[in-house]
Amino acid sequence: MLIGESLRSSFRNIFSHKLRSALTLLGITIGVFAVVTMFSTIYGVKKMIGTKMGEMGWNNSLIIYPSNGEQATSHRRRRRFFQMKREAKPLTISDFQYLKKEVNLKHIYGYIENWQTFYVNQKKKNIKISATNNDFFHTKTYKLKSGRFFNSFEETTGVKVCILGFYFAEKYFKNENPIGKILTFGKNRFQVVGVLNNDELNQNGMNFNNWERKWEMEAVYIPLSTGSAYFRSKDAIDYIYLQSFNDGSFQKMKTQTTQKLLAKHNMAHDFSFNDVGAFMMKITKEIDDVMQKWNVTLFAIASISLIVGGIGLFSTLLISINERMKEIGVRKSIGATELDIFLHFLFEAVILSLMGAFAGIIVSSLLVKLVSIALKMSLPVPMAGVILGLGFAVIIGIISGLYPALKASKIDPIKAIFYFE
């Protein structure tokens, strides 16, 4: 008997007993549904956490602060040598421009924080002024509501322009467009060129560094060169942030940054690192470990459902042997071999299992889609979960159908023909 004929015969038998086939499929469907849904949920949550952590701007990042040199080494002689022979320097806008040019990196920005007075309706307010460059907005994933970011001329020449945080604009310019207006902060006047949009990272009840990001949305931003010229002496800046392209290039970026700054500062260890990237890698690894444990737990639960479905399939096939005894006898009497009968029953088991698997995948996909819409977040159906569900369905089908197929193939054709007589 040809394999094609075995498949056609298996399909005919399945559809000729629709209710029994549907009940048999139900167990497999539930099992595969559990597997795919479990993988989708864990994968979606893991991806969401990774994406949101990246949008906070701390992945693969390094922050450089000015230092007095004492943190550079614990050895007293070397410390005295650095203190006596070399004059410590603050970080300057020149250091920022030098690193931006010399180090291979994804993003870099300098940062200055200052508080200035702002008069509105004859009331005095203390406003946070942050001096930085456009990479700050890109790493934080802050988008514009209106206007524009700083242009290259403004970033390098100390022009008095500003970008308003979303909450600042909402509070003081709720019913009007601030673009083009001149605002006075302290003794300096700045023209508004842009307004940030609301923070998309912490929408829908999320809480990713919410307090700090809300604070940043209440600030006013000016170009780094402007802040260095008007709010600091000797072109000093508070710190420099660097971000590498990926995990693999992070250590290389850190080493290169250290070498370049030491050379520029005459080998003086007058700066220190806040290794945020290493800390975030550690957190990511811990999250992966937790997700892996959840994968094992949920996979074990889903496997039980598949095993129960397999037992149901096994029972159905055993019962169907007695019902199809005459069919087996007729097939053998006209030339069907034991292998043909064996394959016929085995194909039927695998087909039933796969049909249940596809039904489970469809139901799981619809459920995940509905949950994604309800929570307003993306929960994809990973291909790994689909393949695993199908793979398990095939394995369960083979294991469940093996004994019934073997038993059916060994039946004597004479006894099978006269089984009901």
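The values are calculated or read from the model by the stated rules, or taken from the named source; none is laboratory data. Here the structure is a predicted model, which means the values were calculated and not measured. So basically every Cβ, Gly included, is an ideal-geometry build from the backbone, and we count neighbours across all protein chains shown.
Would you mind telling me which numbered condition in (1) under 30 Å from Asp247 (Cα atoms); (2) aromatic (Phe, Trp, Tyr); (3) exposed (fewer than 15 other Cβ atoms within 10 Å of the Cβ) Tyr119 fails?
Of everything listed in (1) under 30 Å from Asp247 (Cα atoms); (2) aromatic (Phe, Trp, Tyr); (3) exposed (fewer than 15 other Cβ atoms within 10 Å of the Cβ), Tyr119 misses just condition (1).
Yes/no matrix, rows are residues, columns are (1) buried (at least 19 other Cβ atoms within 10 Å of the Cβ); (2) touching a residue at least 12 places away in the same chain (Cβ under 8 Å); (3) of a type in the set (S, T, N, Q); (4) under 15 Å from Thr141 (Cβ atoms):
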{"position": "Phe166", "(1), (2), (3), (4)": "yes, yes, no, yes"}
{"position": "Ala169", "(1), (2), (3), (4)": "yes, yes, no, no"}
{"position": "Lys181", "(1), (2), (3), (4)": "no, no, no, no"}
{"position": "Asn188", "(1), (2), (3), (4)": "no, yes, yes, no"}
{"position": "Glu200", "(1), (2), (3), (4)": "no, yes, no, yes"}
{"position": "Leu224", "(1), (2), (3), (4)": "yes, yes, no, no"}
{"position": "Gly227", "(1), (2), (3), (4)": "yes, yes, no, no"}
{"position": "Tyr241", "(1), (2), (3), (4)": "yes, yes, no, yes"}
{"position": "Ser244", "(1), (2), (3), (4)": "yes, yes, yes, no"}
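Return yes or no: is Arg148 loosely packed, with under 15 Cβ neighbours inside 10 Å, of a type outside the set (Phe, Trp, Tyr) and under 35 Å from the mean Cα position of the chain (by Cα)? If you could, list the steps in order and put the result at the bottom.
On the way: loosely packed, with under 15 Cβ neighbours inside 10 Å: yes; of a type outside the set (Phe, Trp, Tyr): yes; under 35 Å from the mean Cα position of the chain (by Cα): yes.
Taking the combined requirement at face value, the residue satisfies it.
Collect the residues in segment 378-393 that are in a helix (DSSP H, G or I) and surrounded by 14 or more Cβ atoms within 10 Å (Cβ to Cβ), keeping them in residue-number order. Lay out the reasoning, then the answer.
At the first step, the residues of segment 378-393 found to be in a helix (DSSP H, G or I) are 383-393.
Gly385, Val386, Leu388, Gly389, Leu390, Phe392, Ala393, listed by residue number.
With (1) among the hydroxyl-bearing types (Ser, Thr, Tyr); (2) modelled with pLDDT of 80 or more; (3) assigned by TED's automatic domain parsing to the domain that holds Tyr43 as the list, and Ser303 as the residue in question, which single condition is left unmet?
(2)
Could you say whether any residue in segment 345-360 is at pLDDT below 85, crowded, with 21+ Cβ neighbours inside 10 Å and either charged (D, E, K, R) or not in a helix (DSSP H, G or I) (or both)?
There is at least one residue in segment 345-360 that is at pLDDT below 85, crowded, with 21+ Cβ neighbours inside 10 Å and either charged (D, E, K, R) or not in a helix (DSSP H, G or I) (or both).
Going residue by residue through segment 383-390, is there one that turns out to be over 23 Å from Ile307 (Cβ atoms) and modelled with pLDDT under 85?
Yes, segment 383-390 has at least one match.
Could you check segment 218-272 and list, in sequence order, the residues that are touching a Cys at 6+ places or on another chain (Cβ under 6 Å) and not assigned by TED's automatic domain parsing to the domain that holds Leu164?
Matches in segment 218-272: none.
For segment 320-344, which residues satisfy the criterion of being part of a helix (DSSP H, G or I), out of contact with any Pro (no Cβ under 7 Å at 6 or more places or on another chain) and under 11 Å from Ala408 (Cα atoms)? Quick ask: steps written out before the conclusion?
Residues of segment 320-344 part of a helix (DSSP H, G or I): 320-323, 325-333, 338-344.
With out of contact with any Pro (no Cβ under 7 Å at 6 or more places or on another chain) added as a condition, the list becomes 320, 322-323, 325-328, 330-331, 338-344.
Result: Ser320, Asn322, Met325, Glu327, Ile328, Glu338, Leu339, Asp340, Ile341, Phe342, Leu343, His344.
Which number in (1) farther than 30 Å from Ser378 by Cβ; (2) modelled with pLDDT of 70 or more marks the one condition that Arg78 misses?
Tallying (1) farther than 30 Å from Ser378 by Cβ; (2) modelled with pLDDT of 70 or more, Arg78 fails exactly one: (2).
Within segment 226-256, which residues are hydroxyl-bearing (Ser, Thr, Tyr) and in contact with a helix residue (DSSP H, G or I) (Cβ under 6 Å, 6 or more places away or on another chain)? Explain how you work it out, then say what you get.
Residues of segment 226-256 that are hydroxyl-bearing (Ser, Thr, Tyr), as a first pass: 226, 228, 230, 233, 239, 241, 244, 249, 255.
Result: Ser228, Ser244.
When you scan segment 24-35, do you find a residue that is surrounded by fewer than 17 Cβ atoms within 10 Å (Cβ to Cβ), at pLDDT 75 or above and under 24 Å from His344 (Cα atoms), even just one?
Taking segment 24-35 and keeping what is surrounded by fewer than 17 Cβ atoms within 10 Å (Cβ to Cβ), we get 26.
If we keep only those that are at pLDDT 75 or above too, we end up with 26.
Subset that is under 24 Å from His344 (Cα atoms): 26.
Checked against the condition, which is being surrounded by fewer than 17 Cβ atoms within 10 Å (Cβ to Cβ), at pLDDT 75 or above and under 24 Å from His344 (Cα atoms), segment 24-35 yields at least one hit.
Looking only at segment 125-145, count how many residues are surrounded by 16 or more Cβ atoms within 10 Å (Cβ to Cβ) and among the charged types (D, E, K, R).
Of segment 125-145, the ones surrounded by 16 or more Cβ atoms within 10 Å (Cβ to Cβ) are 127-142.
Narrowing the set further to residues that are among the charged types (D, E, K, R) leaves 128, 135, 140.
Qualifying residue count, segment 125-145: 3.
Mind listing whichever residues of segment 217-271 are part of a helix (DSSP H, G or I), in contact with a Gly (Cβ under 7 Å, 6 or more places away or on another chain) and either polar (S, T, N, Q) or farther than 29 Å from Phe168 by Cβ (or both)?
Across segment 217-271, the qualifying residues are Ser225, Thr226, Phe250.
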